[in-house]
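Written below as structure tokens is the structure these notes are about.
The values are calculated or read from the model by the stated rules, or taken from the named source; none is laboratory data. It should be emphasised that the depicted structure is a prediction, and the values quoted were computed from it without experimental measurement. Cβ: placed from backbone, ideal geometry, glycine included. Neighbour counts: every protein chain shown.
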Amino acid sequence: DAKTTQPTSMDCAEGRAANLPCNHSTISGNEYVYWYRQIHSQGPQYIIHGLKNNETNEMASLIITEDRKSSTLILPHATLRDTAVYYCIVRRTASKLTFGTGTRLQVTL
Amino acid sequence: SAVISQKPSRDICQRGTSLTIQCQVDSQVTMMFWYRQQPGQSLTLIATANQGSEATYESGFVIDKFPISRPNLTFSTLTVSNMSPEDSSIYLCSAKPPWGRLGETQYFGPGTRLLVL
């Protein structure tokens, strides 16, 4: 599975959009981009995933560049409860879910 | 989504003993997984729990240390054997349901926080 690169940490003011970038320049055609988050002392929570089209659900939007080498997870109106470690993972559907170090998002007042 | 519960939620154990962690899913799932998360670290996959056959272990993890059972499509156990303080971690169960659109994902339990003294 392709390797991903994420910033170690980010801050976001409450009520603002949080835009979390992820680079996956070696992604192959059959690999999906997944986003999970882990709030302190909880198990990881699935957020969203996509192949090449932009995706939106009740939690977030996923924007994938046309060349698929990078993506951005957007939390449109961040709240304090969105403070967590966010993991960007690239994988084929049949392969294992492998976690990197993620981005620690701190939402502040 | 699948709802996953784990028991116990936390435990403190003495070195040399063993602990069995239970994972229950509220629906039948094709694949179940066990992860470890050491303090301050990301998640590491221990093994895939296969229903009706032996678990498949990742590099660095062995059956003698982490025996796994998968008696049916909704339940699995992970045993941490002959524990040492280095085994102090959060152990997480995960499941992949058979339904959903292509590329369906995995869901995670709340984790079992283990401290070995």
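Is one or more of the residues making up the stretch B:47-55 within 14 Å of chain A (Cβ to nearest Cβ), surrounded by fewer than 20 Cβ atoms within 10 Å (Cβ to Cβ), of a type in the set (S, T, N, Q) and outside any strand (DSSP E or B)? So far as the stretch B:47-55 goes, yes, one or more of its residues are within 14 Å of chain A (Cβ to nearest Cβ), surrounded by fewer than 20 Cβ atoms within 10 Å (Cβ to Cβ), of a type in the set (S, T, N, Q) and outside any strand (DSSP E or B). Whenever a residue of the stretch B:30-43 is at pLDDT 90 or above, its partners that are assigned to a loop (DSSP other than H, G, I, E, B) and surrounded by fewer than 19 Cβ atoms within 10 Å (Cβ to Cβ), lying with C-beta atoms within less than 7 angstrom and at least six residues away or across chains, give the pairs B:SER42/A:GLY100; B:SER42/A:THR101.
The criterion of at least 2 residues that are more than 11 Å from chain A (Cβ to nearest Cβ) is met by the following strands (runs of 3 or more DSSP E) wholly inside the stretch B:1-42: B:10-13, B:19-25, B:31-37. Of all the residues in the stretch A:24-54, those that are buried (at least 21 other Cβ atoms within 10 Å of the Cβ) and either among the small types (Gly, Ala, Ser) or over 27 Å from B:GLY111 (Cα atoms) (or both) number 3. Determine whether A:THR93 is closer than 18 Å to B:THR44 by Cα, modelled with pLDDT under 95, surrounded by fewer than 21 Cβ atoms within 10 Å (Cβ to Cβ) and within 12 Å of chain B (Cβ to nearest Cβ). So A:THR93 fails the test.
For the stretch A:74-90, the tally of residues that are more than 14 Å from chain B (Cβ to nearest Cβ) and either assigned to a loop (DSSP other than H, G, I, E, B) or in contact with a His (Cβ under 7 Å, 6 or more places away or on another chain) (or both) stands at 5.
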